[in-house]
1. Of the numbered conditions (1) in a helix (DSSP H, G or I); (2) within 13 Å of chain B (Cβ to nearest Cβ); (3) surrounded by fewer than 21 Cβ atoms within 10 Å (Cβ to Cβ); (4) at pLDDT 80 or above, A:A331 satisfies every one except a single condition; which is it?
2. Has region A:201-216 got any residue that is open to solvent by 50 Å² or more (accessible area, probe 1.4 Å), over 21 Å from the mean Cα position of the chain (by Cα) and at pLDDT 85 or above?
3. Could you list all residues from region A:74-83 that are within 41 Å of the chain's Cα centre (by Cα) and loosely packed, with under 11 Cβ neighbours inside 10 Å?
4. Give me a count of the residues in region B:87-119 that are of a type in the set (V, I, T) and more than 13 Å from B:M168 (Cα to Cα).
5. A:L236: part of a helix (DSSP H, G or I), open to solvent by less than 40 Å² (accessible area, probe 1.4 Å) and facing another protein chain (nearest Cβ under 10 Å), yes or no?
6. Could you check region B:74-115 and list, in sequence order, the residues that are among the polar types (S, T, N, Q) and surrounded by 20 or more Cβ atoms within 10 Å (Cβ to Cβ)?
7. From B:R29, B:R98, which residue is basic (K, R) and free of Cβ contacts under 8 Å to residues at least 24 places away in the same chain?
Amino acid sequence: MQGVRRDEYHDGHAAFEECADRLPPPKGRDVTGFLLRRLINYVALCLIATFFAYSAAALTFNPLARYQMRNPPPPPEVIENLRQELRLDEPIPLRFLHWGAGVLQGDFGETITGQPITMELWSRVGVSLRLLLIGTTLGIVLGVALGALGAIRQYRPSDYAGTLFSFVVLSTPVFLLGILLQFAAIKFNDAAGTTVLYFTGETTAGFQGGFGAALLDRLQHLILPTIAIAFTQIALYSRYQRSAMLDVLGSDFLRTAQAKGLTRTRALFKHGLRTALIPMATLFAFGFGLLITGSVFVEEVFAWYGMGEWFVRGVQVEDVNIVATVTLFVAVLILFSGWLSDVLYAALDPRIRL
Amino acid sequence: MSGGVSARSAAVPGSPVDPAAGATATPSRGRLVLRRFLRNKLAVAGLTVFVGLFVLAYVGPLLSPWSYTDQDVTAYLQPPSADHWFGTTQIGEDVFVRTMRGLQKSLVIGLLVGVISTTVATVVGTVAAYFGGWVDRALMWVVDLMLVLPALLVIAILSPSFTNWLIMIPLLAAFFWLIAARIVRGMTLSLREREYVQAARFSGVPPYKIIFRHIVPNMASILIIDVTVNIGQAVLAETGLSFLGFGVQPPDVSLGTLIADGTSSALTFPWLFMFAGLFLVIAVLSVNLVGDGLRDAFDPQSTSPRARRRWRRGGRPR
């Protein structure tokens, strides 16, 4: 297919270049303006996305159903009161504006059982961010390392092992991976004769002890969920990094770098890896969306009370405010990661900067 | 008349899709790709396994005396045996038949979502790029907006209103065409400027004919790969939603609901979820292998071992 882009869709090249197309042509030293424009665009997308999620939830959810189905049924006045309190009779845009005005003042509304959301929000954000940040950092670092190594050692046993790992992990849903890890943990704990790895909750309930002991306890709870969430990321990034690195390995500039006297290792690190990382920058944003979806399952399987678990509860009890709050959180994270990858792109690729 | 002109212009020798070439002595591109694909043992194995799973999912239940709602009151929570090949559940349901039923659901949903989403991506991507202007901007804005929210969240929000599992197919498809549409758009932008497309346009061929006769065939490779990638992803998405209780609803089953039901007692009665999990991984893995094989078959240069090995040997200073 002369002239047409090569079909390395899954290995990401077409996707990379496509994303790169969205970046404007280099314009002087206007990188700050460029990043600012992207930021404004992202904030607008964030607002609209949250509005859509809020409307969808408000349309499909019927929070009163649980009360109406109670036996004996509650008096009609109680239902009517609840309807008033939840503002179910108002048009949805109005309800959204009311909720949005509260959000701007730091008040995310109440759950249908009357608990203020803001109180619970920050502890849940903390739990989720801990998982997401560690998971994504590990995923990127190990994934890039594994992929680059696979490319350098192409068609050797270690490369095949890495490819096999990515294929199997990418074919295993996160929730199944979590359950299997719990299996493994039980076997491991049995072998060790004591509980080394915990797989429910983020701390032991009612834990007493000093700072060091508490930290160790948290670490013991953290290991399995982190593995579950990082594995998929490692597998994904290593596939893309391997193919990006293979392209770079065949390039002339790398041969030139060696011809002018750099050792192979230096050439690979200074010229190879850096060039191969550029297209990865756009992928990180995409991978982060996947990570958030994954964290819903991980929190559900390992009983972590984070944002993902909250979302699942919110849909189950048909609570619009909880769902809208989590959606806003997710949209902000995804768009922030998108913006961050723009920044990374600008940092790695001098053509954007100059 | 214009149709004849454009057909001939598409058959310019050396053009990627050359309908006339099949009849002549040189092997057609399609046959070359097929030959390369068949040489890839892993990919052929993947295809065989995937087709085999489909057959098994539909024929398997016929071989068993049980149906997926039957309850065997003489066997509660029994491990696999001659009567119940994969064991039974707490209320005596046959795990084998339920697993096959779940496999049917997951495979059908995956296959249809893959095909539908790629079709949508093709139409949206080509239309956006071919017409450009505000059509392009509007369509791409929609794509950008939909990419902001993970499909899982939106479908979960809508799930309380589901009455039939078939609704999963259009809903999942609605979120799977986005990235492919961007790629198709990018390719169409370059294809649009080709001589044979220009020639067709100036001889008065209507746009939809140009798109489907001259542009789409030239990206057939990427579209076929996209279908396989989407099938795997759709199966994962469907089972994930069903696992959380937002997808296929009881009494019907999917691999996701089976795994969810089995997890509570996974450690003592592993047969409750093990088989569903195994079939799920095998199904997705086989599709992924097919996709990988297709990519290599369509684009032999993407992994050319010899060229790279030469660089490695020659490149190492001695």
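1. With (1) in a helix (DSSP H, G or I); (2) within 13 Å of chain B (Cβ to nearest Cβ); (3) surrounded by fewer than 21 Cβ atoms within 10 Å (Cβ to Cβ); (4) at pLDDT 80 or above applied to A:A331, the lone miss is (3).
2. Yes, region A:201-216 contains a residue that is open to solvent by 50 Å² or more (accessible area, probe 1.4 Å), over 21 Å from the mean Cα position of the chain (by Cα) and at pLDDT 85 or above.
3. Answer for region A:74-83, where residues must be within 41 Å of the chain's Cα centre (by Cα) and loosely packed, with under 11 Cβ neighbours inside 10 Å: there is none.
4. Qualifying residue count for the region: 9.
5. When the stated conditions are applied, A:L236 does not pass them.
6. B:T88, B:T89, B:T99, B:Q104, B:S106
7. B:R29
Okay, residues lined up against (1) more than 21 Å from B:R185 (Cβ to Cβ); (2) more than 20 Å from the chain's Cα centre (by Cα); (3) modelled with pLDDT under 50:
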| residue | (1), (2), (3) |
| --- | --- |
| A:Y9 | no, yes, yes |
| A:F16 | no, no, yes |
| A:C19 | no, no, yes |
| A:L23 | no, yes, no |
| A:V31 | yes, yes, no |
| A:R37 | yes, yes, no |
| A:L45 | no, no, no |
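The values are calculated or read from the model by the stated rules, or taken from the named source; none is laboratory data. Not measured: the values here are computed from a predicted model. Here Cβ is always computed from backbone atoms with ideal geometry, including for glycine, and neighbour counts include all displayed protein chains. SASA here: full protein model, heavy atoms, side chains in, ligands and nucleic acids out. Shrake-Rupley method; radii C 1.70, N 1.55, O 1.52, S 1.80 Å.
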